[in-house]
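One structure coming up, written as structure tokens, with questions to follow.
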Amino acid sequence: MLKLGLRSVLAHRLRFVLCTVAVLLGVAFVSGALIFTDTLSAALKKNFAGSTADITVTPVSTLSTNTDPAAGRPPTLSSNLANQVAGVPGVASADGQLLVAGSQILGSDGQPIETYGLPTFAASWPHGQRTSPFRLLDGDPPAGQRQLGLDQSSAKRAGYEIGDEVKVVTPTRAVTATLTAITTPVLAGRSAGAPLVTFDSATAQLLLLGQTGWTSIAVSLEPGQDAAAVSKAIAAIAGGDVSVRTAAQVAADGENALDETFGGFSAVLLMFAGLALFVGAFLIVNTFAMLVAQRSRELGMLRAIGASRGQVTGTVLAEALVIGAIGSTLGFGLGAGVAAGIRALYQGIELAIPTASLQINASTVIACYVVGVGVTLAAAYPAARRAGKLPPVAAMREDAALPERSMLLRGIIGGFMVLMAATLYAIALTLSGLPGAILLGFGAGIALLGMVMTSPLISRYAVRGLMSPFGRTAPVTLGRRNAERNPRRTSATASALMISLALISGLVVIAASAKASIEQGIKDAVGTSELLVTGDDGSAFSSQVGDRIAAVPGISAVHRLRQLPGEVDDRAVTVSGVADGTLDGPITTKFEAGSADGLKTGQAVLPRNLAKALKLSVGETFTLTTLTGDHELTLAGVIAPNRQLNAVVLALPAFTAVGGAGTDSVLYVEVADGTDIAQAGQAVAGQLKDYPTVAVRDQAAYADGARGPVDTVLGVVGMLLTLAVLIAVLGIVNTLALSVVERTREIGLLRAIGMDRPQLRRMLQVEAIAIALLGAVLGVAIGVLFGASVQKVMVDDGLGVLDVPVLQLVIALVVAAAVGVLAAVWPSRRAAKLDVLRAIATE
């Protein structure tokens, strides 16, 4: 049977091409994602194998969630602890070290150098080379505030040499210093390979922390000492709020963190790959259903000469096995090639990222073949099972056809799924926030599956309605009836496009609502501030920025907002510190309970959505956890949801007391009466040339900038969904191409009675348009319903405005129709070239 299946594939290889392409694309996505993430993970794991310290002492984070390394003031260790560690028996040296993210190296043009998404770290110069996290390559160690060092890659990229003046923006201020040292980047740990600027210890503490302290203590041991025993002795004197780890433990922890990070990244990519394969399964189902129908006499002949039902079924499954194996092999190769290309790309970038050979693990190979072959066999099984039921007498009949099963059971199951989805929607709409959105997602998935099951029952009527505006000419009527005559095939082909467009249209509605909500939220929340100052990437910046702006003529007031990460009852929150008077005009607030008076005494204010989630009322106390520990706070007031203050709000003195750094996140700038806002903005920008990543915007430009990340996320997700759309389009092409083969005699008869080639092409185009519009309309309808429902449950969580972009959705439908026309190009050309007499003679 396998041999017969292989011969069948070779004999009908052109009919299986698009089927193989669908498997190829899906498997390529899987293999590319797994190989690339495994390769990058293996490369980065080298960072943790090269730790220069025998033992590393670090502060223990009080937060259970991971935080941005540049967020807030990092927890530190004292010099006194470093001295105590140095006195532990077996310790040769204990070097206090400082490593902080969030600095920027400026090029000769005054703009930050390209870091390719990596944070720039700043470090203190080590007291001893034995535990130094980097190495000196050229020059002398920096000394004083007028000298610094750069890693070799950053210096080369910016064109700096020893003796040049270098501008650097640190978390506390912008400085200009002489380059005296060229170093390697940090050789181990999370900052390995990233851009690095170094200062002497005292200068580093001043510029990076604004106070004394170390982010770690690197310990070297005397020869022959046991690292585990010495680490226990160090832990005994350090206390419970300090982590003491050997080099082996540091490496293991780092590798585990990488596995978690890349595991999540791989899961996201594999989710999109799974969607592409799911959509491709419709193409495979249609292909085998049509081919089995076309080969009814051939399969009946196998039964007539003695083949059992199982053997006929096995023959069709053998064909699927061959296609799955070929598609998986080609897809694996394509994915590996793409991963190798990406690896070569980042190796070509002048960053000192460690490299690793392409990681092709046995598990990746097995996964690709299991997925590719498994999906193909599963999709082909229904047709194979039906082929096995053909009676031997079918070989003797010219009109032999597979028996059609009743769609009653399918309709009942599909209807039940649609009803279940409606129930989940109703329940979700009674909830709010993320739980409601997650339940809606499940409901949308079930609704899509329900529509896949029930669409054959409605496809005839839907196609008739959708195609009525196209008129009643012969090609249109015939094309419409061709789409109506086999509802299973039409709905299966349309379902692939329906699923893809449902996801895309739902995301478009959510994105449009998010952008409208951002604009309305800024309009409602930003009051008397004519100008807003932020970091380009949302990062904090030096308080000197606000000081300079306050000295600009025409500026009447500067109000500061500072932020740091925190937790309340294990829930991640943002903590915002506001200057006096910020809530009285610069940020418009509406108190629903309590007042802002408590801020002056160290109490907190919460937005309603956060207070509701934390189950807090005015006057109640709660524990806020930050990087510096636990802090008891009292709730002084509850405000309406506010885009600028979706956080635990404190006055600046209280914010500093809970561990807030002296860096600003947003400045609300008020312009004096009679001063032109545009001129004031230019004057402010002129004072901030040392801070090129700090943006000065009016309210409209600030809203535009806030909408930018939404467009970025939508673009990335759209690109990942493009593969599913492409496979759906291939499904339409495949269905039309196979239907041309199936209807060869019919096409010959139409040509014989007077249909010309343009009319024949138009007939097939109409059929393709009907299929595409059916999938597009159903997909857009489900997607819009899902997006609007998500907005409703997230109304207090940043999606306060519903915006259905009608024009974009109409364009999507028009594009779907155009895709139908394009999908019909190749099949219609092939049909038009058929010889009339030979077509009529075809059995």
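When you look at LEU688, is it more than 30 Å from ALA512 (Cβ to Cβ) and either of a type in the set (Val, Ile, Thr) or in contact (Cβ under 8 Å) with a residue 24 or more places away in the chain (or both), yes or no?
Yes.
Give the residue, chosen from LEU4, LEU24, that is modelled with pLDDT of 85 or more and under 30 Å from LEU283 (Cα atoms).
Just a single option satisfies the conditions, and that option is LEU24.
What residue, among those in the range 503-535 that are among the β-branched types (Val, Ile, Thr) and under 16 Å from ARG707 (Cβ atoms), is farthest from the chain's Cα centre (by Cα)?
Among those that are among the β-branched types (Val, Ile, Thr) and under 16 Å from ARG707 (Cβ atoms), it is VAL526.
Also, I was wondering about something else. Considering each residue of the range 682-703, count those that are surrounded by fewer than 14 Cβ atoms within 10 Å (Cβ to Cβ) and of a type outside the set (A, V, I, L, M, F, W, C), and give that number.
So the count comes out to 3.
Right, another one. Could you give every pair whose Cβ atoms fall below 8 Å, whose first residue belongs to the range 808-830 and is outside the structural domain of ARG761 (by TED's automatic domain parsing), and whose second residue is in a helix (DSSP H, G or I), counting only separations of at least 6 or pairs across chains?
From the range 808-830, no pairs qualify.
Restricting the range 56-74 to residues that are under 32 Å from the mean Cα position of the chain (by Cα) and at pLDDT 70 or above, which is surrounded by the most Cβ atoms within 10 Å (Cβ to Cβ)?
For the range 56-74, the residue satisfying everything is PRO74.
For MET453, state whether it is within 25 Å of LEU419 (Cβ to Cβ), in contact (Cβ under 8 Å) with a residue 12 or more places away in the chain and crowded, with 17+ Cβ neighbours inside 10 Å.
So MET453 fits the description; yes.
Looking at PHE655 and the list (1) among the hydrophobic types (A, V, I, L, M, F, W, C); (2) over 30 Å from THR62 (Cα atoms); (3) touching a residue at least 60 places away in the same chain (Cβ under 8 Å), which single condition is not satisfied?
(2)
Residue-by-condition table, conditions (1) modelled with pLDDT of 85 or more; (2) among the charged types (D, E, K, R); (3) surrounded by fewer than 19 Cβ atoms within 10 Å (Cβ to Cβ):
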{"position": "ALA737", "(1), (2), (3)": "no, no, no"}
{"position": "GLN765", "(1), (2), (3)": "yes, no, no"}
{"position": "ALA772", "(1), (2), (3)": "yes, no, no"}
{"position": "GLY775", "(1), (2), (3)": "yes, no, no"}
{"position": "ASP803", "(1), (2), (3)": "yes, yes, no"}
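Rundown of residues vs (1) in contact (Cβ under 8 Å) with a residue 40 or more places away in the chain; (2) among the basic types (Lys, Arg), yes/no style:
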residue: GLY445; (1), (2): no, no
residue: LEU448; (1), (2): yes, no
residue: ARG460; (1), (2): no, yes
residue: PHE470; (1), (2): yes, no
residue: ALA474; (1), (2): yes, no
residue: GLY479; (1), (2): yes, no
residue: ARG489; (1), (2): yes, yes
residue: MET498; (1), (2): yes, no
residue: ILE504; (1), (2): yes, no
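Out of all the residues in the range 144-158, is one or more surrounded by fewer than 22 Cβ atoms within 10 Å (Cβ to Cβ), among the charged types (D, E, K, R), modelled with pLDDT under 95 and closer than 20 Å to GLU114 by Cβ?
Among the residues of the range 144-158, at least one is surrounded by fewer than 22 Cβ atoms within 10 Å (Cβ to Cβ), among the charged types (D, E, K, R), modelled with pLDDT under 95 and closer than 20 Å to GLU114 by Cβ, which makes the answer yes.
Could you identify the single residue in LEU98, LEU77 that is under 23 Å from THR170 (Cβ atoms) and modelled with pLDDT of 90 or more?
Testing whether each residue is under 23 Å from THR170 (Cβ atoms) and modelled with pLDDT of 90 or more leaves just LEU98.
In addition: Take the residues of the range 643-692 that are among the acidic types (Asp, Glu) and more than 31 Å from the chain's Cα centre (by Cα): which is farthest from GLY581 (Cα to Cα)?
Of everything passing the filter in the range 643-692, ASP690 is farthest from GLY581 (Cα to Cα).
What about GLY787, is it modelled with pLDDT of 85 or more, farther than 25 Å from VAL463 by Cα, of a type in the set (Gly, Ala, Ser) and within 20 Å of the chain's Cα centre (by Cα)?
For GLY787, the condition - modelled with pLDDT of 85 or more, farther than 25 Å from VAL463 by Cα, of a type in the set (Gly, Ala, Ser) and within 20 Å of the chain's Cα centre (by Cα) - is met.
If you don't mind, another one. Quickly run through the range 107-160 and pick out the residues that are among the aromatic types (Phe, Trp, Tyr) and in contact with a Ser or Thr (Cβ under 7 Å, 6 or more places away or on another chain).
PHE121, TRP125, PHE134, listed by residue number.
Assess whether ALA661 counts as being surrounded by 22 or more Cβ atoms within 10 Å (Cβ to Cβ), in contact (Cβ under 8 Å) with a residue 12 or more places away in the chain and more than 24 Å from ASP797 (Cβ to Cβ).
Against the criterion (surrounded by 22 or more Cβ atoms within 10 Å (Cβ to Cβ), in contact (Cβ under 8 Å) with a residue 12 or more places away in the chain and more than 24 Å from ASP797 (Cβ to Cβ)), ALA661 qualifies.
If GLY264 satisfies all but one of (1) among the small types (Gly, Ala, Ser); (2) under 30 Å from THR722 (Cβ atoms); (3) at pLDDT 80 or above, what's the number of the condition it fails?
Failing condition for GLY264: (3).
Do the conditions hold for GLY306, that is, is it modelled with pLDDT of 85 or more and either closer than 30 Å to GLU114 by Cβ or not charged (D, E, K, R) (or both)?
Answer is no for this residue.
Let me ask something else. In the range 245-254, is there at least one residue being farther than 25 Å from ALA42 by Cβ and either in the same structural domain as VAL91 (by TED's automatic domain parsing) or not aromatic (Phe, Trp, Tyr) (or both)?
No, the range 245-254 contains no residue that is farther than 25 Å from ALA42 by Cβ and either in the same structural domain as VAL91 (by TED's automatic domain parsing) or not aromatic (Phe, Trp, Tyr) (or both).
Filter the range 819-843 for residues that are part of a loop (DSSP other than H, G, I, E, B) and modelled with pLDDT of 75 or more and give the result.
Across the range 819-843, the qualifying residues are ALA824, LYS833, LEU834.
Tell me which strands (runs of 3 or more DSSP E) are completely within the range 154-228 and hold 1 or more residues being farther than 23 Å from THR246 by Cβ, touching a residue at least 12 places away in the same chain (Cβ under 8 Å) and of a type in the set (Val, Ile, Thr), or say none if there are none.
It comes to 165-169, 174-183, 196-199.
The values are calculated or read from the model by the stated rules, or taken from the named source; none is laboratory data. Since the structure is predicted, the reported quantities are computational estimates derived from the model, not experimental observations. So basically every Cβ, Gly included, is an ideal-geometry build from the backbone, and we count neighbours across all protein chains shown.
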